[in-house]
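Chemist: Starting off with a structure, shown below.
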Amino acid sequence: MKALLTMLNLPYKDESLYELALTHASFANENQTEKNEKLEFLGDSVIGIMMSDYLYREDLADEGTMTKRRAQAVCEEALVKYAETIKLKDYIKLGRGEMNKGANDAMIADAFEALFGAIYLDLGFKWAQKTFDKVIVPNLNLVWNIKDYKSTLQEYIQAGDKRSISYHITKETGPSHNKEFEASVRLDNIITLGVGTGKTKKEAEQNAAKDALKKGNYDHQETL
């Protein structure tokens, strides 16, 4: 852990926060300790506001394009790419069963968000911003080509009669440390357009949107 914090040049105060950030539920369940999910929740918001601020200050495009760019830059696939640049996977604490398989993308993305939550709690917004500038901004070129199916579906739907779409988690299966989620995307909260599954709610929603694009007459072939 100290090697990671030194690499990030963090003048940390509470090392236990960073240990918690990298504690997956499978390890927590086996060792009767706390898991990183609350820090993940916080870190998701920290990264989100910093990305919005970055895109606004860069004045890259209009609101619609910035929204799409933000979705690309904070999706699971993007978070994994950032995490790879600091070898975060090597520091994640897993239970014995998960250790044999290694951390999957969902675990890595969650740990990356939790790390930002820990930095924010330990050192404040200033150091979280410095880490964002050090780890995320230089690697944004790696994520601009990521397909964001939710934004694409939203564009097609709203290009017509301004109808609304919403996402619903319809099923959760598996133990707490290895859940699988099923999501549906609905038009006007009534008509189901697509269904998808994933290891996280975000992944399930993306796959539901992808399913909707495949099924619907949205002239979307070039986006898939």
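Only the coordinates and a few stated rules stand behind these numbers; no lab work does. Because the structure is predicted, anything quoted here is derived from the model rather than measured. Note that each Cβ is placed from the backbone with ideal geometry, even for glycine, and that neighbours are counted across all protein chains shown.
Chemist: Given the pairs K2/K179; K179/K202; K101/K147; K13/K101; K81/K147, which span a C-alpha to C-alpha distance of over 24 angstrom in this model?
Modeler: In this structure, K2/K179; K101/K147; K13/K101 lie more than 24 Å apart at Cα.
Chemist: Then there's this: What is the fewest-to-most order of M7, M50 by other Cβ atoms lying within 10 Å of their Cβ?
Modeler: M7, M50
Chemist: Among the trypsin sites (Lys or Arg not before Pro) within the stretch 1-87, which fall in a DSSP loop and have no more than 14 other Cβ atoms within 10 Å of their own Cβ?
Modeler: Here the trypsin sites (Lys or Arg not before Pro) that fit, given the DSSP loop and packing criteria, are K13, K87.
Chemist: Report the Cα-based extents of the stretch 48-114 along its three principal axes, largest first, to the nearest Å.
Modeler: Taking the Cα atoms of the stretch 48-114, the three principal extents are 48, 17, 16 Å.
Chemist: Principal axis extents for the chain, Cα atoms only, whole Å, descending order, please.
Modeler: Taking the Cα atoms of the chain, the three principal extents are 53, 43, 25 Å.
Chemist: Along the stretch 186-192, what does the Karplus equation 6.51 cos²θ - 1.76 cosθ + 1.60 (θ = phi - 60°) give for ³J(HN,Hα), rounded to whole Hz, x for Gly and Pro?
Modeler: 10, 8, 6, 6, 10, 8, 7
Chemist: Starting with the fewest neighbours, write out Y91, Y120 ranked by other beta-carbon atoms found within 10 Å of each beta-carbon.
Modeler: Y91, Y120
Chemist: May I pose another question? With θ set to phi - 60°, apply the Karplus curve 6.51 cos²θ - 1.76 cosθ + 1.60 along the stretch 121-133 and write out the HN-Hα couplings as whole Hz, x wherever there is a Gly or Pro.
Modeler: With coefficients 6.51, -1.76 and 1.60, one gets 5, 7, 10, x, 5, 4, 6, 5, 5, 4, 5, 4, 5 Hz.
Chemist: Rounded to the nearest 20 Debye, what is the dipole magnitude of the chain about its Cα centre when Lys and Arg each give +1 and Asp and Glu each give -1 at the C-beta?
Modeler: Dipole of the chain, to the nearest 20 debye: 200 debye.
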